[in-house]
Structures are given as C-alpha cells and as structure tokens.
1. Report the rotationally averaged projected area of region 179-265 based on its alpha-carbon convex hull, in square nanometres.
2. How would 45, 192 rank on accessible area, largest to smallest, probe 1.4 Å?
3. So in the chain, what percent of DSSP beta bridges are antiparallel if you round to the nearest 5?
4. Report, as a whole number in µm² per second, the diffusion coefficient that Stokes-Einstein gives for region 257-336 at 4 °C and 1.567 mPa s using the Kirkwood radius over alpha carbon pairs.
5. For region 592-646, list log₁₀ I(q)/I(0) at each q in 0.27, 0.32 Å⁻¹, using the Debye formula over Cα point scatterers of equal strength and ignoring solvent, two decimals each.
6. Could you tell me, in Å, what Rg and Dmax come out for the Cα atoms of region 434-556?
7. Rule-of-thumb check for region 395-506: C-alpha Rg over 2.2 N^0.38 Å?
8. Compute the normalised compactness of region 1-141: alpha-carbon radius of gyration over 2.2 N^0.38 Å, N being the residue count.
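The values are calculated or read from the model by the stated rules, or taken from the named source; none is laboratory data. The model shown is predicted, which means the values in this text are computed figures rather than measured ones. Glycine gets a Cβ as well: all are built from the backbone with ideal geometry, and neighbour counts include every protein chain shown. Each accessible area value is taken on the protein alone, full model and side chains, heavy atoms only, with ligands, DNA and RNA left out. Shrake-Rupley method; radii C 1.70, N 1.55, O 1.52, S 1.80 Å.
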Amino acid sequence: MKLGSCYYPEHWPEEIWSEDATRMVEMGLSQVRIGEFAWSRIEPEPGQFDWAWLDRAIGILGDAGLEIILGTPTATPPKWLVDSMPDMVAIDADGKPRGFGSRRHYCFSHQGYRTECKRIVTALAQRYGNHPAIAAWQTDNEYGCHDTVVSYSQAAAQGFRNWLAAKYENVNALNKAWGNVFWSMEYRDFAEIDPPNLTVTEPNPVHVLDYRRFASDEVVTFNKLQADIIRAHAPGRDVVHNYMGFYTEFDHHKVGQDLDVASWDSYPLGFLEQFWFSDAEKLRYARQGHPDIAAFHHDLYRGCTGGRWSVMEQQPGPVNWARYNPAPLPGMVRLWTLEAMAHGAELVSYFRWRQAPFAQEQMHAGLLRPDNMEDQGAKEARQVATEIPAVAEPGKAAPTVALLFSYEAAWLFETQPQGQSFQYLQLVFSMYSALRQLGLNVDIVSPNADLADHQMVVAPSLPIIGAGVLKKLQQLSIPVLIGPRSGSKTAHFSIPDNLAPGELQDLIPLKVTRVESLRPGFVERGEDFEIARWIEHVDTRLSAEEALNDGRGVVFVSENMRYLAGWADDVLLKRMFRRMAEEAKLAVIELPADLRLRRLGETCFAFNYGTEAINLTDLMPDAGQNHYVIGDATIAAAGVSAWTRS
C-alpha cells in the first residue's frame, strides 16, 4: 500500500513547491493528488489556457519521485463559464438555484455544461495523458456532495422526459406502470411530465423512484464521458473517482463500471458527529470514530470496482464541517491508515498536505500546520510508512460474508419509509456491525455480484427482486439471511399480487400479511431480544426459529434460507449470525465493544478503538504464540497489532 497527500500548488508560492515535494518523499509519501479545483487557473479566460504553472508543478513533483493523480476540474466551473450559461446550475426541490460562490454549482443534465466538460477534460488529457509522472486520473470530485445529484432544472426535466420515453416507449405504458389512474394523474404525452417536486402533497412514489433512477444514471453518463476521454488520451493510467461516506444519491456500483479504482474520502470523526449515532456513541468515540464507520466504507467501495480501491482523502486532524470537530486521539491517524491496509487499500492519501489559512476550509487540519510545522497526523503518517513493509502481500483471500447493498433500496425507502425511523443505511450498518463484532470478514457487494466465493450471504433488505438476483439466490447452498421488507415491491413500486416477499416465496414459503412501524420506545420483546422500528406479521407453515413472547415468529428458516420479519437488535442479530457462521463453518469470536479484527491473506490485524489497553490473550489464549509484525499481544488505546501464525 502507498501513502499520499492532496496538494494544491495553486494555493502556495511557487518558491516552496520543491521543498514541499522533498518533504513529502522524506515523510514516506509516494503519491500526490492535484488539480481537481483548478479550472479558473488553468483557463482564466474562455479558451485561453495557462499551462505553464501546471507544467512546472507536475515537473517538480514528478522529479522528486512522486506519482501524480491528476484531477479533472469540473467540480468548480469558473465564474465566466457560469455567467455564459446561467441555467447550467442545479435547481433545488424548492425551485431555487444552487449558484456560484462555492463548488459543485452545476446540473449533471445540462448539455451545454457537458460540452464544456468534454472540452476541458480533452485539453487536459491531450496535454498530460502520456506524461511519465501521471499515474492516475480522478474524475471530478465527490459526485453529489452538498446534495447536488437530484436537480429540478429545465435541463433535468427534459432529460427525464427523454429517459422515460426510452424506458416506457409510449405514455400509456407509463400510465399503467405508474398507476396514474389514481387521483387522475394520467398523462397524454411524455412532454407533459414534470419532475416530482412542488406538488400539493406527496407525489406518486414511482414517479419519485424513476426520477431518482434517472438522476443516478445522469451521474453515470457524466462520469463515463470523462473516463472515455481519459482512456483515449492516457492509455495505461487508472481512472479513479472519490466517493463519500454514508452517501446513496447515485448508484456507485454503476459508476464503478467505468472506473479502474474506487476511492473514498474517509472522515471518521465528522461522520460520527453528523449521522444517526446515539449521544452515548458520539461521546464514547468522539476522538476515534465508531469502530465500524471506516471499515464499512472500505468494504463497500472495494465491491464497486472488482476489488481495487483506495482512500483518496484521509482525515489527519480536526475537520471544519461537522457540528463539533474534536481532534483525533493520538494514534488514530495511524490506526485508520493501517485499517485501510487491512481491508486491501492500494493507497491512503491524507487531506491535505498543508492547512490552508484562507477560504472555506481554513479550519480543516492538514499534515502540516499553516506555519509549515508538522502536525500530529504527519508524525503518525511517518510512523506508518515504516510499518507498511513489515506486512506481507496478501495471498489466499480469507473467508468472507457477502452483504448485499442496494442503492435502489435506499431510494425506495426514502420515498416511502412507512415509518420515520426505517432508514436503509442504518439497517445495513447494524447488520454489518453485528458481523464485525463476531470477528468476521465482510464484503459489501451489489445484489448482482457473483457470490460464488463467499461462505455466507446477508441481504439486509431487497424490496425489489430482479430476475437475476432471484436466480443467484436460488443457486446458493450456503446460509442466506433475507431481511425485512424484501420482495415487498415490484419494479414499478407497487405491492406484489402475492404480497411480500413476492418472488422470494419460491425460496422461503411465507407471506407477509401486515406490517407495522413502531415509534421510538415502542418495542416488541422476545425472551432476551427486542424488535424495534418495524415488525411484520407472517403467515407460514414454517416453525419460528425465533419468536416474540406472544408467540409470533420473527425468524423463519427453510433449508439454507432465513427470513427476518423485523428490525432486530444486536442480541438477535449476533445469535442468528453465529448460527449461520456455524453452518458455514466460519470461526467466530465475540469481541469487546472497542476491538475489531480483519484478516488480509495470512495476516490478522486487531484495532483498538477504545481508550484503554486490550490484552489479546484474554480473548485468544494462544495469542502469545503469534508472530507479531506490528505491535504485540497488548494493544494500547488507539493501537494496532498485526500477526501471522508462527
């Protein structure tokens, strides 16, 4: 695994570029990302390119021995371009423009802006495509950041009509598929169809779902436009994009089909603060991040491009954008870096090289402080650079659990949650975390992925079951868990004729006859577990493997298939997963709350997310016999150990 940094030569005097490059190499960094926000410096006036400064920056960094990831600058179109076609900006759900003055001020559907993107990316790729210092290209930056995937502009409206016409071919087919006889919502022509915003009450849910599908496809084609240009002019270089955390506005698996490497931007403390975690968790892990946040995304994005992935931006200190921004516990930057390695990363790149003393991100820490002195993150990056060579290259892959992740499921449940607390990401994360607490390796993959190399499958919820997915599940003989609301909708967002779980009834003979969403504090109890948020009433001849105190079943088994008819707590999840792991002949180990394990080939890593030391011999009596390549059997707070069997 390589280490790198995000660098902005246009932010700093040219006199220090060479010193910066030398210091990067001396610190143990070997890659550097540049250029992704530099359009106004590359093309200060329409059609007038200033390549000289970028030529010199690339030359200096390359001469120092650094491999460069060059970003296309399309996330920040310059003011002159926006002024030339003001309708290129996205329009929000309230009809307001997302204007110039920050970043991501464009609509994916605007054909004029796509033409400009094609022009600037082509110019960059023609100039630098064969430059020996350029190792990879990053398309744009953080697609969708600041809620910019779904736009309600005129360009998006016309694009949506074209997308619908291609999908349904005639408007009568659309009316039937959408159920538009309800509330007299029928259309006479595709030209009559508007985006599903500014309606009196909730719009037709399938209208919304199709709009989300369309918006996602716009990201896919926007990315492909750039990737195709880069490949034509920069043969042999990787094409990369940097995804974000807990973000589902577009289908990352589809975008990944046009990438060589999926990368993501890892900010564990910011994500802990900004998302759904309890106050107790936010206090306990304020300086460490929840033990499963970074790992979840490592495993998710590894599944987007056939296994190749990296961290393009790694938090090195306090960020500037969360509600509260504490500093990482000493040791955590090292831990996060080594954890990425344990999950198979090719690169961890720290954001950023030097903290900027100006503009929106001036409070965001870097490896260097604004006074040019090393911050704590730099010291830990330097240490990690010396530790990486001790870990052997992975050989045979460790046994894994496949967790099926569907972006379409997230859109569907956002459109019609039926209960305020039914949040798809939280459901998936709860199951992922329960698997990790048992020491299991997890691959998060598309429902369409090949499952042949896995020992166990967990599908937290698949509300729409495609024919290909059903066939894959039918062919499996390994343990499979199917979660609540699976098979509950058709592709056109209606209830199946045979009720939920729809076609999955071919795999497990049961029928969901009623569903209930439960407010916070309202739970259904079993002997030692609770069902919260969601409960299903099931009609079946199967015996219940797990039941509530009133006798209603919540877990049902038919051969290798299990169905979970509610939102289960950790107690029930871990018991189910232990049973499934035993059936799959996978070894489990009940881990303390702050400890996580990850196997990479023959090497096993242990990560202590707690504030007190953990002795591995308390969990594994033979831990003292391990051959430790990093650390030893006692793992300090925010510490890491890695070993192979002696």
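1. The number I arrive at for region 179-265 is 8.1 nm².
2. Order by accessible area, largest first: 45, 192.
3. 50 percent
4. Estimated diffusion coefficient is 98 µm²/s.
5. Each listed q maps to, in turn, -1.12, -1.44.
6. Taking only Cα atoms of region 434-556, I get Rg and Dmax of 15.3, 41 Å.
7. Rounded to two decimals, the normalised Rg is 1.07.
8. 1.14
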